[in-house]
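The values are calculated or read from the model by the stated rules, or taken from the named source; none is laboratory data. Remember, it's a predicted structure, so these values are computed and weren't measured experimentally. Here Cβ is always computed from backbone atoms with ideal geometry, including for glycine, and neighbour counts include all displayed protein chains. To get the accessible areas, we keep the full protein, side chains included, count just its heavy atoms, and leave off ligands, DNA and RNA. Shrake-Rupley method; radii C 1.70, N 1.55, O 1.52, S 1.80 Å.
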Amino acid sequence: MTEFQSKIRTIQWTDNCSRMVDQTLFPSEYKYVDIKSGDEMFLAIRNMIVRGAPAIGIAGAHGIVLYAMELAKENLSKEEFITKLLEKADYMKTSRPTAVNLMWAVEKQKEVIKNSTKDISGIIEELRENGIRLENQDIEINKKIGDFGAEVVPKGATILTHCNAGALATVGYGTALGVVRSAFAKDKTIQVFADETRPRQQGARITTLELTMDGIPTTLITDGMCSYFMKKGMIDMVVVGADRITANGDTANKIGTYTVAISAKYHNVPFYVAAPLSTIDTSLQTGDEIVIEERCREEVTHINGKPVCADGVNVINPGFDVTPHELITGIITEVGILKPDYKKSIAEAFGM
Ligand code: MRU
């Protein structure tokens with residue numbers, strides 16, 4: 001396995017709380033915050049102090065430990081404790097709607113709660129251990145994704161990415177940027193073009209920051225520029241992350257990903273999605289069934305707190321779009337690169 005070490009650790013269970021990088025402060029500050037209660041975690045996810053599908057999954061898992069620690073102080077019977085904790089777990093899943101990793105990780109904690117034979121303090125210990133196990137597993141899975149993905153990166157490639165599917169969207173290596181890291185470990189001549197990714201500018205604020213920290217050559221472009229550079233033959237492949245992939249391969253990712261995929265198809269540029277199996281939601285058949293998060297108007301009307309449009313103009317702000325499976329060259333997972341027909345390859349990956 002590639003031993004490229006990123007300097008970044010996005011989230012970690014430490015000293016009885018969840019320590020995470022506050023991603024609302026980028027790029028001016030790189031600061032850790034300690035999340036000490038379940039409700040604080042709910043808000044950290046909703047307000048995007050922590051963001052990126054796998055990272056909010058781990059945050060959700062930590063949040064259940066925090067809720068459990070709070071309920072333990074309430075003098076409840078074991079049955080009352082379990083009932084209340086399962087309700088809190090379902091509430092945690094509503095902090096953001098689109099990335100399925102949040103629901104997946106909270107469900108993993110619910111299994112621990114339901115199956116435990118221990119007393120209340122034993123259940124808390126099992127939840128804590130499971131949270132830490134999911135954290136460490138995330139990095140291992142990302143490295144496997146990175147290694148499979150690196151095999152399809154041409155020598156000296158320029159890789160376009162959208163949003164941030166990097167160490168800062170996961171525990172510490174990345175999915176799309178995990179592919180970049182693993183490829184860079186083998187070939188120092190590759191480089192990245194990063195889409196700015198309006199409205200929240202995760203590409204500009206987060207992707208350029210983390211790639212620069214790890215010494216990977218990066219060029220920032222605005223979202224509308226991708227077709228221009230593809231036409232010039234300057235992009236060899238696209239790799240993006242995912243928030244939810246349905247049984248047929250349709251993929252929800254940050255708004256604007258669909259536009260990049262259409263342009264890639266037109267210009268014959270391979271378009272890859274890199275994601276762990278926990279991002280695949282086989283309960284949904286097509287992307288039409290994915291709930292797309294609507295975010296606040298200020299993300300569009302303001303940049304850094306300053307208005308960029310006429311006061312009172314109408315705004316619509318969907319956080320994600322769905323790229324149809326026909327536009328996707330391959331889905332890079334920890335068990336290999338899934339290829340079309342996705343219904344078949346996804347079902348096989350899940351042993352269905
Ligand atoms: O709204 P965000 O910043 O949480 O959206 C993140 C993305 O869309 C990422 O590309 C996706 O979660 C993949 S992260 C490995």
Taking the highest mean first, how do the peptides 132-141, 338-347 order by number of other beta carbon atoms within 10 angstrom per residue? 132-141, 338-347
Nonlocal amide H pairs with Ser18, under 5 Å, H built at 1.01 Å: Ile35
Kindly sort Ser278, Ser77 by accessible area of their heavy atoms, largest first, with the probe set to 1.4 Å. Ser77, Ser278
Determine the principal axes of the Cα atoms in the chain, then give the extent along each, sorted from largest to smallest and rounded to whole angstroms. 67, 52, 38
Per the 1.4 Å probe, what fraction of the accessible area of the stretch 148-349, in percent, lies on carbon and sulfur atoms? 55
One finds, for Asn115 and Cys296 with R0 = 41 angstrom and r their Cβ-Cβ distance, a FRET efficiency to the nearest 0.05 of 0.55
Accessible area per residue for the chain in Å², computed with a 1.4 Å probe and the full protein assembly in place, what is it? 42
Determine which residues of the stretch 316-344 fall in the zone a paramagnetic label at Asp223 would reach in this model, i.e. backbone nitrogen under 19 Å from the point 7 Å along Cα→Cβ. 316-324
Semi-axes of the equivalent ellipsoid for the stretch 186-246, Cα gyration tensor, largest first, Å: 18, 17, 14
With an 8 Å Cα cut-off and a minimum separation of 6 or more residues, compute the relative contact order for the stretch 145-202 in percent. 46
Sum up the lysine pairs in the stretch 74-178 that clear both bars: alpha-carbon distance under 21 Å and a spacing of 8 or more or different chains. 21
Output the peptides 319-330, 159-170 sorted from most to least packed, where packing is the average of other Cβ atoms within 10 Å over each peptide's residues. 159-170, 319-330
For the stretch 3-142: span of alpha carbons on each principal axis (Å, largest first): 47, 31, 29
Derived scalar couplings ³J(HN,Hα) [the stretch 225-230; Karplus, 6.51 cos²θ - 1.76 cosθ + 1.60; whole Hz; x for Gly, Pro]: 8, 4, 5, 4, 6, 5
Loop-only check: which GluC sites (Glu not before Pro) in the stretch 6-73 are DSSP coil with at most 12 other Cβ within 10 angstrom? Glu29
Between the stretch 45-106 and the stretch 256-323, the Cα center-to-center distance that results, in Å: 25
Under Karplus coefficients 6.51, -1.76 and 1.60, residue-wise ³J(HN,Hα) of the stretch 208-223 in Hz, glycine/proline x: 5, 5, 6, 6, 5, 4, 9, x, 9, x, 9, 10, 8, 10, 8, 4
Hey, with R₀ at 30 Å, roughly what FRET efficiency would Lys344 and Asn136 work out to, going by the Cβ-Cβ distance, to 0.05? 0.40
Which percent of the accessible area of the stretch 3-142 is formed by carbon and sulfur heavy atoms (probe 1.4 angstrom)? 49
Two decimals, Cα atoms only, Kirkwood Rh: what is Rg/Rh over the stretch 148-349? 0.96
Asn47/Lys7 FRET efficiency (R0 25 Å; Cβ-Cβ; nearest 0.05): 0.50
Stretch gain in nm, segment Lys232-Lys306, where the contour uses 0.36 nm per residue and the Cα spacing is subtracted: 23.2 nm
Starting from the Cα of Lys186, draw a straight line to each of the aspartates and glutamates and keep only those under 12 Å, dropping any in the same chain fewer than 8 residues away. Glu3, Asp147, Glu151
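Using alpha-carbon pairs under 8 Å, 6+ residues apart, how would you state the relative contact order of the chain in percent? Can you show the working numbers first?
On the way: 721 pairs, mean separation 57.7, N = 352.
The normalised contact order for the chain reaches 16 percent.
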